[in-house]
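First comes the structure, then the notes that go with it.
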Amino acid sequence: MSQNLPLLHWSLPAGGDRADTAGPVRVARAAERAGFVSLFAPVGRGRSDPWHLASVLAGRTERIGFLVGVRAGAVSPTLLAQQADAFRRFTGGRLRLNVVTADDRTEQRSVSERLTHDRRYGRTDEVMAVVRDLLDGRRIDFQGQHVQVEGARLTDPAVEHKVPLYLGGVSGAAENLAARRADVHLLWSEPEQSPAEVADRVARVRDRNPALRFALRLSVEAGRDHEGTARRLHAYCLAGVDEFVLSGGPDADDALRAGGEVVPRLRALLAGEGAGGNAAAPPPRGTGGDGAALVSD
């Protein structure tokens, strides 16, 4: 096979029946049975707090990891590092962080408190720098425009469990920051970007950081055209995408169908490519994290 199977994550659905507290547990267990590497718990309006949700679901599952969304400006980076360290310690390293640059628009802020686009990315840059150093076990002094810490360090951090940092965004500032601070640059497929467009972006950003990985958020119609969905994923693999954050409906069966019907077809396409297919995929890169294989056979 010319390329390793990409890492697959499953996105926890938004909304749904708020009284059905067992619903997310069903989805989590289905995604684990289907072999997904992690569950994506985004931060956003109308969603449960991702830290609390991930903590509950970690206790109801055994192996699956969690890609937890956090806002760069919501809490201090030292507290964020403490939260991440505690989660990775008590879950055996089942953590990835998606750092979100945008502010929560529901918060009441005066005009003077609102940061411009570039200043928000500047703040995220400083937050990611501090969180990275703390999670890696370093004692740091940091004096930035938005973040100031002196003599900060975690007490006995669980450094044996690396925490990959994900960063999204479509602007030039997002590209620059991803290349400088992130392990994985998270791209969106909505509005739909063609594989050629994704390939151009991957090449442009990877030129600044050859070790950077790329993930693509993608909605899948798992109950319909399995072959077409697999070919769609395959085209993005050839464009340089290393990971996919897939989403479907609120039904747990969507995760099972994606894992049972789409993934084997994608595996076959990649295997055929290695047996002399038309397109050559880029060589595999490190995972930047636990190195887990994507999905079980």
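The values are calculated or read from the model by the stated rules, or taken from the named source; none is laboratory data. Values in this document were obtained by computation on a predicted structure and should not be read as measured data. Counting neighbours? That spans all protein chains shown, and the Cβs are built from the backbone with ideal geometry, glycine included.
Quick look at the numbers
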{"quantity": "Flag for VAL198 being part of a loop (DSSP other than H, G, I, E, B), in contact with a helix residue (DSSP H, G or I) (Cβ under 8 Å, 6 or more places away or on another chain) and not hydroxyl-bearing (Ser, Thr, Tyr)", "calculated": "no"}
{"quantity": "Residue, nearest to ARG96 (Cα to Cα), within the range 148-163, restricted to residues that are surrounded by fewer than 20 Cβ atoms within 10 Å (Cβ to Cβ) and under 18 Å from the mean Cα position of the chain (by Cα)", "calculated": "LYS162"}
{"quantity": "Candidate set: the range 70-82, residues that are over 17 Å from the mean Cα position of the chain (by Cα) and not in a helix (DSSP H, G or I); chosen: the one surrounded by the most Cβ atoms within 10 Å (Cβ to Cβ)", "calculated": "GLY73"}
{"quantity": "Selection count, the range 208-218, where residues are touching a helix residue (DSSP H, G or I) at 6+ places or on another chain (Cβ under 7 Å) and surrounded by 14 or more Cβ atoms within 10 Å (Cβ to Cβ)", "calculated": "4"}
{"quantity": "Search result, residues across the range 236-251 that are farther than 24 Å from PRO24 by Cα and either surrounded by fewer than 17 Cβ atoms within 10 Å (Cβ to Cβ) or of a type in the set (Val, Ile, Thr) (or both)", "calculated": "VAL241"}
{"quantity": "Within the range 48-68, tally of residues that are more than 21 Å from LEU154 (Cα to Cα) and not in a helix (DSSP H, G or I)", "calculated": "9"}
{"quantity": "Among residues of the range 117-147, those that are in contact with a helix residue (DSSP H, G or I) (Cβ under 9 Å, 6 or more places away or on another chain) and loosely packed, with under 13 Cβ neighbours inside 10 Å, counted", "calculated": "3"}
{"quantity": "Odd one out for ALA279 among (1) touching a helix residue (DSSP H, G or I) at 6+ places or on another chain (Cβ under 8 Å); (2) of a type outside the set (Lys, Arg); (3) modelled with pLDDT under 70; (4) closer than 19 Å to ARG29 by Cβ", "calculated": "(4)"}
{"quantity": "Subset tally (residues that are closer than 13 Å to VAL163 by Cβ and among the charged types (D, E, K, R)) for the range 50-96", "calculated": "5"}
{"quantity": "Residue in the range 83-95 that is of a type in the set (D, E, K, R), touching a residue at least 12 places away in the same chain (Cβ under 8 Å) and surrounded by fewer than 19 Cβ atoms within 10 Å (Cβ to Cβ) present", "calculated": "yes"}
{"quantity": "Residues that are modelled with pLDDT of 95 or more, closer than 21 Å to VAL99 by Cα and surrounded by fewer than 17 Cβ atoms within 10 Å (Cβ to Cβ), drawn from the range 174-207", "calculated": "ASN176, ARG180"}
{"quantity": "Close pairs from the range 171-188: first more than 17 Å from VAL131 (Cα to Cα), partner among the hydroxyl-bearing types (Ser, Thr, Tyr), Cβ under 6 Å, at least 6 apart", "calculated": "ALA173/TYR121; LEU186/TYR166"}
{"quantity": "Qualifying residue in the range 163-174 (condition: under 20 Å from ARG94 (Cα atoms) and touching an Asp or Glu at 6+ places or on another chain (Cβ under 6 Å))", "calculated": "yes"}
{"quantity": "Complete set of residues in the range 73-115 that are aliphatic (A, V, I, L, M) and at pLDDT 95 or above", "calculated": "LEU79, LEU80, ALA81, ALA84, ALA86, LEU95, LEU97, VAL99, VAL100"}
{"quantity": "Which listed residue, of LEU177, LEU186, is of a type in the set (A, V, I, L, M, F, W, C), under 16 Å from the mean Cα position of the chain (by Cα) and part of a strand (DSSP E or B)", "calculated": "LEU186"}
{"quantity": "Qualifying residue in the range 151-174 (condition: of a type outside the set (Asp, Glu), assigned to a strand (DSSP E or B) and over 29 Å from GLY248 (Cα atoms))", "calculated": "yes"}
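Matching residues to (1) in a loop (DSSP other than H, G, I, E, B); (2) within 17 Å of the chain's Cα centre (by Cα); (3) at pLDDT 95 or above; (4) over 16 Å from GLU273 (Cβ atoms):
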| site | (1), (2), (3), (4) |
| --- | --- |
| PRO210 | yes, no, yes, yes |
| PHE214 | no, yes, yes, yes |
| TYR236 | no, yes, yes, no |
| GLY240 | yes, yes, yes, no |
